[in-house]
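Participant: Would you mind keeping the following structure in view while I ask a few things?
All of the numbers you see were taken from the coordinates with simple rules; none came from a lab. Note that this is a predicted model, so its numbers are computed, not measured. Note: ideal-geometry Cβ built from the backbone for every residue, glycine included; neighbour counts use all protein chains shown.
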């Protein structure tokens, strides 16, 4: 998520490095001056609703509207990802239309749990309702909704079962931070207190890996197909762990009790999603493969063995272990983490970009999203 005015943005990072190593160096600078840049370059985003609108929106403050706009954009992005998964290994139907399924990929994903297709379908529908509700609520308050349709230009999978339409997100060049696996099982560390955690699947944090088959050619090697399914299995909680923290983080900035109710209510479903998916990710079978297209190796270890394993790291754990909260002088507590509110929106945007899901998007997309994130982070409780 960065800056620039050229037609195509430089590629996001190809490694799973931490956020400070993010290679679009001008991103934070752009996010700070996004308002001025957007005014100066209005032609780039002339159809974009501005997060810098000065009017008060019905019964909500500008800050509350900014929070909801950013969350609407995130939910649209999430829906786009989940829709692609549902087309290939979920249940395309009248509730979640599009695609026709891919039997081989569906079977590989079902190795993690026989109910994966149903869960993927339901998660997709949930995200669709979130984006639709938040945008409808914004409009009911006289605020502009968020529309990302002009950025539905990325190519999707060419494998059997996928719709041949433009996408907002790229699921075929993923770089995943799986440190959440360790974070939620740690009894001593909390990222809000400065702690860091290793990746559970180190090879996913390096290089680019498909989370869906790119073409039917990716179905021919059983080991590589299972590696793609495992990558999807770890991408699912990697998506939802962000929302699990984002909603309570931004809720601390909401002024309206009604907006606070929206954030707490939708945020609770994100927690349900994450808890489900981290459980299923633990069922990913150990497998090693090499991408026949890129030559990138991928290895999924047995997570019940060293260096993990043991009482705190067994794969069937789905409840957050107690950890330090607010102060190490207080008793440990089982919590969502992180929930630090400072820079929460920008941090979420950087984490999404670090996944590689925006590879191929133009600078206009990154600048628009940076504007939304900056305004959400600038919201202050009680400030109109």
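Participant: For a quick protection proxy, order the peptides 271-277, 221-227 by their average other-Cβ count within 10 Å, most packed first.
Facilitator: Details: 271-277: 20.4, 221-227: 18.9.
Ranking the peptides 271-277, 221-227 by packing returns 271-277, 221-227.
Participant: May I ask you to derive the FRET efficiency for residue 103 and residue 293 from their Cβ-Cβ distance with R0 = 22 Å, giving the value to the nearest 0.05? Intermediate values should be presented prior to the final figure.
Facilitator: Working: r = 22 Å, r/R0 = 0.99.
Approximately 0.50, to the nearest 0.05.
Participant: Got a sec? Which residues in the range 171-206 would a label at residue 328 touch, if it sits 7 Å along Cα→Cβ and we count backbone N under 20 Å?
Facilitator: 182-198
Participant: Additional query: Apply the a/c threshold of 1.5 to the C-alpha gyration tensor of the range 271-366 and tell me whether it is rounded, prolate or oblate.
Facilitator: It comes out oblate by the Cα gyration axes.
Participant: Next question. Using the per-residue mean of other Cβ atoms lying within 10 Å as a proxy for protection, in what order, highest first, do the peptides 175-188, 89-102 fall?
Facilitator: Details: 175-188: 21.1, 89-102: 17.3.
Averaged packing, sorted descending, gives the order 175-188, 89-102.
Participant: Sticking with this structure for a sec: Name the shape class, rounded, prolate or oblate, that the alpha-carbon gyration tensor gives for the range 332-373, where a ≥ b ≥ c are the square roots of its eigenvalues, rounded holds for a/c under 1.5, and otherwise prolate holds if a/b is larger than b/c and oblate otherwise. Display every interim value, and only then the final one.
Facilitator: On the way: a/c = 5.63, a/b = 2.13, b/c = 2.64.
Judged from the Cα gyration tensor, the range 332-373 comes out oblate (a/c at least 1.5, b/c at or above a/b).
Participant: With a cut-off of 8 Å between alpha carbons and a minimum separation of six or more residues, what is the relative contact order of the range 19-378 in percent?
Facilitator: On the way: 628 pairs, mean separation 80.8, N = 360.
Normalised by residue count, the contact order of the range 19-378 is 22 percent.
Participant: Moving on to the next point. Quick one: if you stick a label point 7 Å off each Cα along the C-beta vector at residue 187 and residue 316, how many nm between them?
Facilitator: Simple spin-label model gives 2.0 nm for this pair.
Participant: Is the shape of the range 19-378 rounded, prolate or oblate, going by the alpha carbon gyration tensor and its root eigenvalues a ≥ b ≥ c, with a/c under 1.5 for rounded and a/b larger than b/c for prolate? Don't jump to the answer; show the numbers that get you there.
Facilitator: Details: a/c = 1.67, a/b = 1.24, b/c = 1.35.
Oblate shape, in that a/c is at least 1.5 and b/c is the bigger or equal ratio.
Participant: Okay, next question. Applying 1/(1 + (r/R0)^6) with R0 = 22 Å to the Cβ-Cβ distance of residue 139 and residue 258, what FRET efficiency is obtained, to the nearest 0.05?
Facilitator: Working: r = 15 Å, r/R0 = 0.68.
With a Förster radius of 22 Å, E is 0.90.
Participant: Which order do the peptides 309-319, 164-174 come out in when sorted by mean C-beta neighbours inside 10 angstrom, highest first? Don't jump to the answer; show the numbers that get you there.
Facilitator: Numbers: 309-319: 13.0, 164-174: 20.7.
Taking the mean over residues of other Cβ atoms within 10 Å, the ranking is 164-174, 309-319.
Participant: Sticking with this one: For residue 129 and residue 158, compute 0.36 nm times the residue count separating them, minus their Cα-Cα distance, and round to one decimal in nm.
Facilitator: Details: separation 29, 0.36 × 29 = 10.44 nm, distance 2.71 nm.
Stretched out fully, the residue 129 to residue 158 stretch lengthens by 7.7 nm.
Participant: Fewest first, what order do 296, 196, 339 take by the number of other Cβ atoms within 10 Å?
Facilitator: Least to most surrounded, the residues fall as 196, 296, 339.
Participant: At R0 = 30 Å, how high is the FRET efficiency between residue 94 and residue 220 if r is their beta carbon distance? Nearest 0.05 is fine. Walk me through the numbers on the way to the answer.
Facilitator: Values: r = 33 Å, r/R0 = 1.10.
So, using R0 = 30 Å, E works out to roughly 0.35.
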